[in-house]
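Enquirer: Got a structure here, written out as structure tokens. Questions coming.
The values are calculated or read from the model by the stated rules, or taken from the named source; none is laboratory data. The shown structure was predicted, so the numbers you read here are calculated from the model rather than taken from an experiment. As a convention, Cβ positions derive from the backbone with ideal geometry for all residues, glycine included, and neighbour counts pool all protein chains shown.
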Amino acid sequence: MGDNENMSNVSTAFNNALEVISKSEPEVAGHIRGELENQRSQLKLIASENYASPAVLLAMGNWFSDKYAEGTPGHRFYAGCEYVDKVETLACDHAKELFGSSYAYVQPHSGIDANLVAFWSILAHRIESPFLASHEKKHVNDLTNSDWETLRQSLGNQKMIGMSLDAGGHLTHGFRPNISGKLFDQRSYGVDPETEMLDYTSISNLAEEFRPLVIVAGYSAYPRKVNFAKMREIADSVGATLMVDMAHFAGLVAGKVFSGDFDPIANAQIVTSTTHKSLRGPRGGIVLSNETELAEYIDKGCPMVLGGPLANVMAAKAVAFAEARQPEFREYANNVVTNASALAAGIEKRGGRLVTGGTDNHLVLVDVRQFGLTGRQAESALEESGVVVNRNSIPFDPNGAWYTSGIRLGTPALTSLGMAENEMDEVADIICSTLQDTEPRTTSSGENSKAQFKLSDKVRDTNRSRAGDLLTKNPLYPDLHLL
Ligand code: DSN
């Protein structure tokens, strides 16, 4: 992660920053140090996490944070935005080049915000704008109360389809606990019970029957590629807008691992993403599109659904996109996928069952019932052994969303540390030997607990030490030494 000279600058920068912070609130400086120690002592296999470069981290910590800049570059609701304009424009330009889109919006603060901007822009383009035109009005404020009520009902009466949660979809794709599910009438598509993969014929049948305004593709726990060209065909056949949420795999799109039919930008009308997962940028969101008629509505994301843009984070996004435009990032993205395949093979050969039988992206979903465990027990036993993963539902999960029957593993973070296929085999062995040694505890009623477990101290300590060895050989920020 950078050459020695840069890294010694990095040590100076972070040590000085911590000294300044300590003067105001030493506890915060202590917690920042603690977080680095934690991240340096655990194998991070959370599929949605990564390690941003020191340049990205440093770009966030400055006076750009002090500036209000609602609006878009050149069209702000505040004076004094000269440098925010420059940095936002730069981030947009880098994003457009990186992803091959004609339009980019870099203000969303997170993935849910990016999705809300996208939903709003589709509703504005497809429902509000034609309604205003049919009433010969330019603005919602020009409508009578009665016409406004009709429009409001119509905006709230639209349909969406998205991938079901247990198949790997995301709460923001129209599920009831999220605002998207309250806004849209949603039906979800799942996976084939045998192959556990998407079945495009059944998605097409659902679309034909339900006639949604929006089809959302994208996932947070599906270990396979999605054919976005097919999804677009389905959307076009029912007059729906195809939106892809590429939050998880944006780094693989940027690194050109997913191209042609699997490239969301080339196939969807609108694409959303986070910037901090496989893309390795700051925590935040973006919206991309090649449809000029959607762009004007996306631009209204703030203040429609977003608070004032975080100029410091947009600066860090510009840095991250510049980094992702380098040839090394393509190599990184390819290595993420190679490592996920190696991890999957290592787990399978040690008796683990993989959902869909493997992976062709950055994540692996393991069915831990094979080890007699719930996802919750597996997650906790692994954490004690120095491996951080998250429990996850698997298709048709009998254990529900809290205990679950699976764990989700991702390779973006370990690949950022420079680990390769050999290390993935060692990681697979640490995971499988921990799970093989873990047993559910028995409850007072004589049943297997879904949360409590037994793991021998010996296996736990051995595996913690093996995880530590891997991290010593592949350290996080190797030349960053905190005083
Ligand atoms: N929280 C993210 C994940 O872990 O996949 C998605 O929002």
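Enquirer: Can you tell me which residue within segment 223-249, out of those that are under 30 Å from Val389 (Cα atoms) and without any contact (Cβ under 8 Å) to a residue 60 or more places away in the chain, is farthest from the ligand (Cβ to nearest atom)?
Expert: Asn227
Enquirer: If you don't mind, there's one more thing I want to ask. As an exercise: evaluate Glu70 against (1) among the acidic types (Asp, Glu); (2) touching a Lys or Arg at 6+ places or on another chain (Cβ under 7 Å); (3) under 30 Å from Gly410 (Cβ atoms) and give the number of the one condition it does not meet.
Expert: Only one criterion in (1) among the acidic types (Asp, Glu); (2) touching a Lys or Arg at 6+ places or on another chain (Cβ under 7 Å); (3) under 30 Å from Gly410 (Cβ atoms) is unmet by Glu70, namely (3).
Enquirer: Follow-up question, since we're still on this one. For residues that are surrounded by fewer than 24 Cβ atoms within 10 Å (Cβ to Cβ) and not in a helix (DSSP H, G or I), tally how many sit in segment 361-381.
Expert: Residues in segment 361-381 being surrounded by fewer than 24 Cβ atoms within 10 Å (Cβ to Cβ) and not in a helix (DSSP H, G or I): 2 in total.
Enquirer: Within segment 190-197, does at least one residue satisfy the condition of being part of a strand (DSSP E or B), at pLDDT 95 or above and within 16 Å of the ligand (Cβ to nearest atom)?
Expert: Scanning segment 190-197 turns up no residue that is part of a strand (DSSP E or B), at pLDDT 95 or above and within 16 Å of the ligand (Cβ to nearest atom).
Enquirer: To continue, here is another question. Looking only at residues in segment 96-113 that are part of a loop (DSSP other than H, G, I, E, B) and in contact with a Ser or Thr (Cβ under 9 Å, 6 or more places away or on another chain), which one is farthest from the ligand (Cβ to nearest atom)?
Expert: Ser102
Enquirer: Restricting segment 163-202 to residues that are in contact with a helix residue (DSSP H, G or I) (Cβ under 6 Å, 6 or more places away or on another chain) and charged (D, E, K, R), which is surrounded by the most Cβ atoms within 10 Å (Cβ to Cβ)?
Expert: Glu196
Enquirer: Now a separate question. When you look at Asp425, is it surrounded by fewer than 23 Cβ atoms within 10 Å (Cβ to Cβ) and closer than 23 Å to Leu470 by Cα, yes or no?
Expert: For Asp425, the condition - surrounded by fewer than 23 Cβ atoms within 10 Å (Cβ to Cβ) and closer than 23 Å to Leu470 by Cα - is met.
Enquirer: Moving to a separate point now. Being among the aliphatic types (A, V, I, L, M), assigned to a helix (DSSP H, G or I), under 21 Å from the mean Cα position of the chain (by Cα) and under 16 Å from Leu279 (Cα atoms) is true for just one of Ala320, Ala344. Which residue is that?
Expert: It is Ala320.
Enquirer: When you look at Val257, is it in contact (Cβ under 8 Å) with a residue 40 or more places away in the chain and touching a Pro at 6+ places or on another chain (Cβ under 7 Å), yes or no?
Expert: no
Enquirer: Going by what's in this entry, would Gly100 be described as within 23 Å of Tyr189 (Cα to Cα), touching an Asp or Glu at 6+ places or on another chain (Cβ under 9 Å) and modelled with pLDDT of 95 or more?
Expert: The answer is no for Gly100.
Enquirer: Looking at segment 347-360 only, could you name the residues that are modelled with pLDDT of 95 or more, assigned to a loop (DSSP other than H, G, I, E, B) and under 20 Å from Arg391 (Cβ atoms)?
Expert: Arg350, Gly352, Thr359
Enquirer: Right, next: Hey, any hits in segment 408-418 for a residue that's closer than 14 Å to Gly352 by Cα and within 16 Å of the ligand (Cβ to nearest atom)?
Expert: yes
Enquirer: What is the one condition in (1) buried (at least 21 other Cβ atoms within 10 Å of the Cβ); (2) within 16 Å of the ligand (Cβ to nearest atom); (3) in contact (Cβ under 8 Å) with a residue 40 or more places away in the chain that Arg283 does not satisfy?
Expert: (1)
Enquirer: Let me ask something else about it. Cβ-Cβ below 7 Å, separation at least six or inter-chain, first residue in segment 35-60 and over 12 Å from Leu414 (Cα atoms), second buried (at least 18 other Cβ atoms within 10 Å of the Cβ) and aromatic (Phe, Trp, Tyr): which pairs?
Expert: Every condition considered, the pairs that remain are Pro54/Tyr477.
Enquirer: Right, something else. Taking the condition of being in a helix (DSSP H, G or I), more than 15 Å from the ligand (Cβ to nearest atom) and closer than 15 Å to Arg224 by Cα, how many residues in segment 250-280 meet it?
Expert: 4
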